[in-house]
Amino acid sequence: MGPNLRSPIFGVARMLGCSKVRRFQLVLIKPSHYDDDGYVIQWLRSFIPSNTLAVMNALATDAAARQVLGTDVNIDVTVIDETNTRVKPKAIIARFRKNGGFGLVGLVGVQSNQFPRALDIARPLRAANIAVIVGGFHVSGCFAMLPDLPSDLQGALESGISLFAGEAEDRFDNVIRDAANGQLKPIYNYLNNLPQLTGMPIPYLASGHLTRTFGRHTSFDAGRGCPYQCSFCTIINVQGRKSRGRSADDIERILRENWRQASTGSSSPTTILPVTRIGSQSSIALSNCGSGSRLAPISRSRSIRCVIASRISSTRRSSPA
Ligand code: SF4
């Protein structure tokens, strides 16, 4: 139950300045990367939304809804996909200053070719004493596969940038709390403790982000980890050698939530489609959980066009799902 705003006690507290709700700024950025001439690659409409950004947005908004920093702290979640939106460090710094520097910037889903750009975004933020953490396949892959920390990760640590290896489900609350307490650790390594995905917050991006993509698709990962052993693969070293999938209930929730969003938004309901951008990890998980038979009747009854695309098996199934 929230505070009784009309109570005399609350009124006195407010006069004494005790009632001020603090606002923790949680900014999640998926960096783009540089072209050969050093320009940041951006599009007016990017091809498909970042799944990692959708996952992290879901975990962040879930943490905010659960008030993991206490009932007197609001968490403001901001999501930026640099492939279709400019990152403005000065504006971020100004917002943090307005809130007493209280917050965290997460550079999420950072792949190796994006890591230099991630560091360039992080440097002015760190210079303004803003807490910054970087996660994604570059950090995770280096921790999983290299005997020593490479120089770029070492340089990030020396700049006061924290590193996150592994997956954030069930761990992100701790990172947020550490940042709020000014005790962000240099390294969070959860590679040896991979979470189950069943029942976790579903990957989700608001329609305002999806309309910045070509085709207004959304995307989600149905599973992580893979039982195959391709010699060139980083995934199995980072996500493990067995499949962990979302359940059919989870997949149905993703479909329904995106349908609800498309139906209530300004876009036509058929313009935002649940699409999986998947490799074998999600293909395996989708077939294991039997979500196809669950989704088909929903799709047919509501005329939702659902496309499931798999790049590995070179199959492409398009349904009314
Ligand atoms: S099938 Fe894909 S995810 Fe699995 S080991 Fe091979 S490359 Fe990696």
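Within the option set L149, L153, being in contact with a Cys (Cβ under 6 Å, 6 or more places away or on another chain), without any contact (Cβ under 8 Å) to a residue 60 or more places away in the chain, over 20 Å from S50 (Cβ atoms) and of a type in the set (A, V, I, L, M, F, W, C) holds for one residue only, L153.
Here is a check on your reading of the model: is G223 more than 16 Å from the ligand (Cβ to nearest atom) and not aromatic (F, W, Y)?
On the way: more than 16 Å from the ligand (Cβ to nearest atom): no; not aromatic (F, W, Y): yes.
So G223 fails the test.
When the residues of segment 226-255 are narrowed to those that are away from the ligand (no atom under 13 Å from the Cβ) and out of contact with any strand residue (DSSP E or B) (no Cβ under 7 Å at 6 or more places or on another chain), which ends up nearest to I48 (Cα to Cα)?
I251
Beta carbons closer than 7 Å, at least 6 apart along the sequence or on distinct chains, pair a first residue in segment 233-259 that is closer than 18 Å to E169 by Cα with a second that is away from the ligand (no atom under 16 Å from the Cβ) and of a type in the set (S, T, N, Q) for R244/Q196; R246/T198; S247/T198; D250/T198; I251/S291. Considering only residues that are surrounded by 15 or more Cβ atoms within 10 Å (Cβ to Cβ) and not aliphatic (A, V, I, L, M), look in segment 210-220 and name the one that is farthest from the ligand (Cβ to nearest atom). Filtering first and then ranking leaves T211.
Rule-based calculations on the coordinates, nothing more; no lab input. Bear in mind the structure is a predicted one, so any value in this text is a computation, not a measurement. Note: ideal-geometry Cβ built from the backbone for every residue, glycine included; neighbour counts use all protein chains shown.
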